[in-house]
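Asker: Let me give you the structure first, and then I'll get to my questions.
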Amino acid sequence: MAEQFDLRGSGMTSQRARDRLVVSLKAQGIISTEVLNAIKNTPRHIFIDEALAHGAYENNALPIGYNQTISQPYIVAKMTELLLANKPLKKVLEVGTGSGYQTAILSQLVGKVYSVERIRPLQQRAKLRLQALQINNVMLQHTDGGMGLASYAPFDAILVTAAPDEVPAELLAQLAVDGIMVIPVGGSHQQELKVIHKKSATHYDTKIVEGVKFVPLLSGVID
Ligand code: SAH
């Protein structure tokens with residue numbers, strides 16, 4: 001399935017639009033230069049349907065089909081910044097590939113990203129985009145990520161981009177000691193973004209960062 005992407009963009013999707021987004025993320029408190037550079041260098045418009053691409057560099061979540069959304073750039077930046085506080089990160093698990101945008105940002109900042117998605121058509125589109133960007137340190141898998149990815153555990157960090165009611169025990173188990181997990185937790189109306197630091201096999205230090213709104217973490221897979 002060959003597909004062309006306008007990687008450079010123009011007008012509303014140009015480099016200038018990305019530069020303006022970086023300025024607004026700084027104003028919102030994102031300070032990591034690495035994260036801001038990755039956002040500056042990644043064409044978010046190719047992760048969005050063409051009809052909506054003109055809004056790619058506004059600070060909004062947008063629909064990507066199948067009732068799912070590409071996360072707001074601020075949230076992508078914030079979660080990535082929180083995760084990198086624990087660097088260097090060699091192996092990172094991302095639960096919820098969605099459009100693949102967060103995956104693309106992460107891949108520029110860590111050794112290898114394992115990203116899982118339960119909806120196959122989303123996963124396949126994400127794969128084409130990452131290929132177009134020549135990103136080669138990502139392994140995508142079509143699976144229910146609530147169970148983690150046991151065969152590749154432990155992970156130095158786990159980033160979850162859909163919200164469960166409770167932190168899944170499988171994910172905690174697959175985090176390396178001294179590893180970090182960034183995860184939205186709560187029901188559909190009220191969720192908290194949590195940072196969980198695994199101090200030992202049984203001890204965790206949890207911090208609540210801010211209120212957030214994510215799509216729910218669902219079980220099972222869709223072909
Ligand atoms: N980081 C993505 C966010 C997409 S929304 C982006 O910015 O595009 C969250 C994604 O998590 C959706 O694509 C949804 O299908 C996926 N998801 C929800 N529950 C899941 C599960 N149990 N396993 C894997 N993916 C899941």
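The values are calculated or read from the model by the stated rules, or taken from the named source; none is laboratory data. In this text, all values refer to a predicted model and were calculated from it rather than measured experimentally. Every residue, glycine as well, gets a Cβ built from its backbone with ideal geometry; the counts of neighbours run over all protein chains shown. SASA here: full protein model, heavy atoms, side chains in, ligands and nucleic acids out. Shrake-Rupley method; radii C 1.70, N 1.55, O 1.52, S 1.80 Å.
Asker: Which of the residues belonging to segment 2-37 are at positive phi and surrounded by fewer than 16 Cβ atoms within 10 Å (Cβ to Cβ)?
Answerer: Taking segment 2-37 as the starting set, the residues that turn out to be at positive phi are 9, 11, 29.
Passing the criteria: G11, G29.
Asker: Hey, P184 hits all of (1) in contact (Cβ under 8 Å) with a residue 60 or more places away in the chain; (2) open to solvent by less than 30 Å² (accessible area, probe 1.4 Å); (3) within 13 Å of the ligand (Cβ to nearest atom); (4) not β-branched (V, I, T) but one; which does it fall short on?
Answerer: The number of the failed condition is (1).
Asker: Still on this structure, I have one more. Quick check on my filter: what residues within segment 139-159 are open to solvent by less than 30 Å² (accessible area, probe 1.4 Å) and in contact with a Leu (Cβ under 7 Å, 6 or more places away or on another chain)?
Answerer: The answer is G146, G148, L149, F155, A157, I158, L159.
Asker: Now a separate question. From the residues in segment 194-223 that are surrounded by 13 or more Cβ atoms within 10 Å (Cβ to Cβ) and away from the ligand (no atom under 16 Å from the Cβ), which one is farthest from A169 (Cα to Cα)?
Answerer: Among them, the one singled out is V209.
Asker: Looking at the structure I just gave you, is G111 in contact with a helix residue (DSSP H, G or I) (Cβ under 8 Å, 6 or more places away or on another chain) and not polar (S, T, N, Q)? I'd like the intermediate steps shown before the answer.
Answerer: Values: in contact with a helix residue (DSSP H, G or I) (Cβ under 8 Å, 6 or more places away or on another chain): no; not polar (S, T, N, Q): yes.
No.
Asker: Right, another one. Report, by residue number, each residue of segment 72-89 that is part of a loop (DSSP other than H, G, I, E, B) and open to solvent by less than 30 Å² (accessible area, probe 1.4 Å). So that I can check it myself, show each step before the final result.
Answerer: We begin by selecting, within segment 72-89, every residue part of a loop (DSSP other than H, G, I, E, B); these are 72, 85-89.
Of everything in segment 72-89, just one residue is part of a loop (DSSP other than H, G, I, E, B) and open to solvent by less than 30 Å² (accessible area, probe 1.4 Å), namely L89.
Asker: State all residues of segment 1-35 that are of a type in the set (D, E) and under 20 Å from A132 (Cα atoms); if no residue qualifies, say none. Explain how you work it out, then say what you get.
Answerer: As a first pass, look at segment 1-35 and keep what is of a type in the set (D, E): 3, 6, 19, 34.
Residues satisfying the conditions are E3, D6.
Asker: As an exercise: evaluate F47 against (1) under 15 Å from the mean Cα position of the chain (by Cα); (2) more than 9 Å from the ligand (Cβ to nearest atom); (3) not acidic (D, E) and give the number of the one condition it does not meet.
Answerer: (2)
Asker: Considering each of E166, E170 in turn, give the residue that is within 16 Å of the ligand (Cβ to nearest atom), touching a helix residue (DSSP H, G or I) at 6+ places or on another chain (Cβ under 7 Å), open to solvent by 70 Å² or more (accessible area, probe 1.4 Å) and of a type outside the set (G, A, S). Write out each step before concluding.
Answerer: Numbers: E166 fails: touching a helix residue (DSSP H, G or I) at 6+ places or on another chain (Cβ under 7 Å).
Being within 16 Å of the ligand (Cβ to nearest atom), touching a helix residue (DSSP H, G or I) at 6+ places or on another chain (Cβ under 7 Å), open to solvent by 70 Å² or more (accessible area, probe 1.4 Å) and of a type outside the set (G, A, S) holds for just one of E166, E170, which is E170.
Asker: Further, regarding this structure: Here's a check for you: in segment 102-122, which residue that is within 6 Å of the ligand (Cβ to nearest atom) and closer than 21 Å to I180 by Cβ is surrounded by the most Cβ atoms within 10 Å (Cβ to Cβ)?
Answerer: Filtering segment 102-122 for residues within 6 Å of the ligand (Cβ to nearest atom) gives 102, 116-119, 122.
Adding the requirement that they be closer than 21 Å to I180 by Cβ leaves 102, 116.
Values: Q102: 26, V116: 22.
Per the criteria, the residue is Q102.
Asker: Take segment 125-152 and flag every residue that is assigned to a loop (DSSP other than H, G, I, E, B) and in contact (Cβ under 8 Å) with a residue 24 or more places away in the chain. Even if it seems obvious, please write down each step before you answer.
Answerer: Narrowing segment 125-152 to residues assigned to a loop (DSSP other than H, G, I, E, B): 133-137, 143-144, 148-149.
Listed by number, the residues that qualify are L133, I135, N137, T143, D144, G148, L149.
Asker: Okay, moving on. For L159, are the conditions met, namely being within 16 Å of the ligand (Cβ to nearest atom), closer than 22 Å to L106 by Cα and assigned to a strand (DSSP E or B)? Don't jump to the end; show me each part of the working.
Answerer: Working: within 16 Å of the ligand (Cβ to nearest atom): yes; closer than 22 Å to L106 by Cα: yes; assigned to a strand (DSSP E or B): yes.
Here the answer is yes, as L159 does meet what is asked.
Asker: Quick check on my filter: what residues within segment 38-57 are in contact (Cβ under 8 Å) with a residue 12 or more places away in the chain, of a type in the set (A, V, I, L, M, F, W, C) and either open to solvent by 60 Å² or more (accessible area, probe 1.4 Å) or in a helix (DSSP H, G or I) (or both)?
Answerer: The first filter runs over segment 38-57 and keeps only residues in contact (Cβ under 8 Å) with a residue 12 or more places away in the chain, leaving 38-49, 53-57.
Filter once more, so that each one left must be of a type in the set (A, V, I, L, M, F, W, C): 38-39, 46-48, 53, 56.
A38, I39, I46, F47, A53, listed by residue number.
Asker: Could I ask something else about it? Sort out which residues of segment 190-223 are of a type in the set (V, I, T) and free of Cβ contacts under 8 Å to residues at least 12 places away in the same chain, and write them in order of number. Give the derivation first.
Answerer: The first filter runs over segment 190-223 and keeps only residues of a type in the set (V, I, T), leaving 195-196, 202, 206, 208-209, 212, 215, 221-222.
Passing the criteria: only T202.
Asker: Looking at V212, V195, V138, V182 in this structure, which one is under 28 Å from V22 (Cβ atoms) and touching a Pro at 6+ places or on another chain (Cβ under 8 Å)?
Answerer: Details: V195 fails: touching a Pro at 6+ places or on another chain (Cβ under 8 Å); V138 fails: touching a Pro at 6+ places or on another chain (Cβ under 8 Å); V182 fails: touching a Pro at 6+ places or on another chain (Cβ under 8 Å).
Criteria check complete, one pass: V212.
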